Structure formats: structure tokens, C-alpha cells
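The structure appears right after this line, and notes come after that.
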Amino acid sequence: MALVSADSRIAELLTELHQLIKQTQEERSRSEHNLVNIQKTHERMQTENKSLIPAHGKQCQGLPAALAHAVSCAYSAVSPYYRTKLRGLYTTAKADAEAECNILRKALDKIAEIKSLLEERRIAAKIAGLYNDSEPPRKTMRRGVLMTLLQQSAMTLPLWIGKPGDKPPPLCGAIPASGDYVAKPGDKVAARVKAVDGDEQWILAEVVSYSHATNKYEVDDIDEEGKERHTLSRRRIIPLPQWKANPETDPEALFQKEQLVLALYPQTTCFYRALIHTPPQRPQDDYSVLFEDTSYADGYSPPLNVAQRYVVACKEPKKK
């Protein structure tokens, strides 16, 4: 019943999202005329300024360079008429941009709600033992398929887009979860477990449940194909980022060069200690990291790319 309800709500949200996309296009088309006016106004200003240059060019001959430049700037300064006109045009453009931005934020909220419902539906189907062709049971998932899904999860991680003055929230980029945060069923985490040989390692896992009575999680190893389930204390769980941080607007929400982290080694489901080599420069960029590796002379691997989704803080001290 819950699955049917979720499907119905998703259909409603998709309809609302379609309407918001249409509104965005309508708003963009409406504001285009004003943007064209801004461009044409600047072109007219440049044309008029160029026509004045020959008139005062001879007057500048023989003047000191600084004074000649001042005279030239006076001729090319924005006139009161154009200053007033441009102020009005830019004020309108700013209002148009804010209106379009508000519609886009509503659309992003709809997308987030759709993704949340899809995740809830997946978990409900998993618990009920119901799987469709696009969501096979874990025990039948091939490793290549798993790696593709992990890559898609990293690519589709939403970018945090705050309003002016907003600070990135917990679980955005490098910002850790709050002290009382409890990961929800289905959330992906880095989990510290004992390996078959007795050593401990950090693995990529999915939360099954959390007990407030014992303060312990039950998690499934993403790569265990339905085998042993781990019961772990909170200190052995690190929630993964839920938003990518934008390097252009929120660089403080990213790990910085030479900072010690745990990063998912490419084509595996295990986290290893690494140093940040280069933080992302653009929203779509990955981290470049140096994994600790004793097989290299300096103790670190060559730079490897790891998505923001799979880089978390390492509280252990840096090896000397």
C-alpha cells in the first residue's frame, strides 16, 4: 500500500516539476527583452564615445600622459542619461533573475522530494523482498554494475545552493554531521568493521536501522552481496556528504590541500587514509588525493580522483 502511495505522490511531483520548468522558461523569455536592451544601450554608449575621440584627440597632444588619460576618461564617462537608464535596466534584470531563481529553487525542492520518495520506496521494497528488473536483489548484483551505481550516486549528489548570506549546512562537503545526528535507513556511510583476517577497515555501507536504546547501528556492506550484517557503535560510523560544496561560493566547506581524509579507493568499496592533493576547483570537479601506500618511496600513491561524495574526515593522526 505504501508503495502505491509513494508512486502516486511521485507522479504528482513530476507534474508539478514540469510546470515549474515551463515557468522557468517563460520567465527567461520574458526577461530576454530587457537583457537585449542592456546590450544595445552599452553599444550605443560605445559608439557615441568613439565619435567624441577625434574631437578631443588633438587637444590631448602635448599633455602629460596622466592628464591626457583624465581628459579621455571624462569624454568616455557615462552620461547622466545613460546612468539613469542603465540603473533602471539593471534593477529590472536583478528582479527578473531573482524571480527565476525562486522558481528554480522550488524545482530543486521537488527533485529532492522525488529522490527521497524513490529511496523510501527502494527501502520498503527491500524490506518486503520485492524487486523489479531495474532494482535487482543485492545477491545478484555484479561488481561492474555496483561500481556504475556508486559513480552515478556521486554524480547526482545535489550541489548546495544557498541564498546570499547562508552558510553551508552539516553534511555539505567537508562539514561533518552535528553531534546528535542519526543516519536514516538507506543512508550511505563509512563504517569501521573487522575484516576476515581480524584487521579493521573502513567500508562503504548502507544503514539498515539505529537503536536509540543501545546507540548502535545495523549496516550492510555495499559489497557483501547480502552476507553478514554489522552492528556498530556511533563512533564507528561516519555519514557521507548529502550535498556537494561549491568551490566558487563555499570553498570553506571543502577539505584543503594536505588535509588528512578517508577516501574511497577507485573501483573498490573501501576507504583508505589519504592526503588532499588538490581540492575541487569547479562544482563538477573531484578531489585529487594521495593515498598512503608504502610501496612508493615517499609513502603516497600518485594523485587519484575521488568524488566529494566519498571523501570524509579522518580523525586519526597523520603518519610520520
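The values are calculated or read from the model by the stated rules, or taken from the named source; none is laboratory data. Keep in mind that this is a model prediction, so the values were computed, not measured. A quick note on method: Cβ atoms are made from the backbone with ideal geometry, for glycine too, and the neighbour counts reach across all protein chains shown. Side chains included, ligands, DNA and RNA excluded: accessible areas come from the protein's heavy atoms. Shrake-Rupley method; radii C 1.70, N 1.55, O 1.52, S 1.80 Å.
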task: From (1) assigned to a loop (DSSP other than H, G, I, E, B); (2) surrounded by fewer than 21 Cβ atoms within 10 Å (Cβ to Cβ), pick out the condition that doesn't hold for residue 288.
output: (1)
message: Tally up the residues in region 168-183 that are open to solvent by 80 Å² or more (accessible area, probe 1.4 Å) and touching a residue at least 24 places away in the same chain (Cβ under 8 Å), please.
response: 1
- prompt: Cβ-Cβ below 8 Å, separation at least six or inter-chain, first residue in region 29-43 and touching a residue at least 40 places away in the same chain (Cβ under 8 Å) and in the same structural domain as residue 94 (by the TED database), second open to solvent by 90 Å² or more (accessible area, probe 1.4 Å) and aromatic (Phe, Trp, Tyr): which pairs?
  reply: 38/90
- prompt: Which members of region 212-247 meet the condition of being open to solvent by 60 Å² or more (accessible area, probe 1.4 Å) and in contact with a Pro (Cβ under 7 Å, 6 or more places away or on another chain)?
  reply: 243
- prompt: Which residues, taken from region 301-320, are modelled with pLDDT of 95 or more and farther than 22 Å from residue 158 by Cβ?
  reply: 301, 302, 303, 304
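For every residue, the table says whether it meets (1) modelled with pLDDT of 90 or more; (2) over 30 Å from residue 117 (Cβ atoms).
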| residue | (1), (2) |
| --- | --- |
| 11 | yes, no |
| 17 | yes, no |
| 20 | yes, no |
| 35 | yes, yes |
| 45 | no, yes |
| 54 | no, yes |
| 76 | no, yes |
| 91 | yes, yes |
statement: The condition of being open to solvent by less than 60 Å² (accessible area, probe 1.4 Å) and among the acidic types (Asp, Glu) holds, among 197, 187, only for 187
message: Among the numbered criteria (1) under 21 Å from residue 194 (Cα atoms); (2) in contact with a Lys or Arg (Cβ under 9 Å, 6 or more places away or on another chain); (3) among the charged types (D, E, K, R); (4) in a loop (DSSP other than H, G, I, E, B), which one does residue 315 miss?
response: (2)
- request: Would you tally the residues in region 178-200 being farther than 18 Å from residue 211 by Cα, part of a loop (DSSP other than H, G, I, E, B) and in contact with a strand residue (DSSP E or B) (Cβ under 9 Å, 6 or more places away or on another chain)?
  value: 1
query: With respect to residue 3, is the statement that it is modelled with pLDDT under 95, touching a Lys or Arg at 6+ places or on another chain (Cβ under 9 Å) and surrounded by 11 or more Cβ atoms within 10 Å (Cβ to Cβ) true?
result: yes
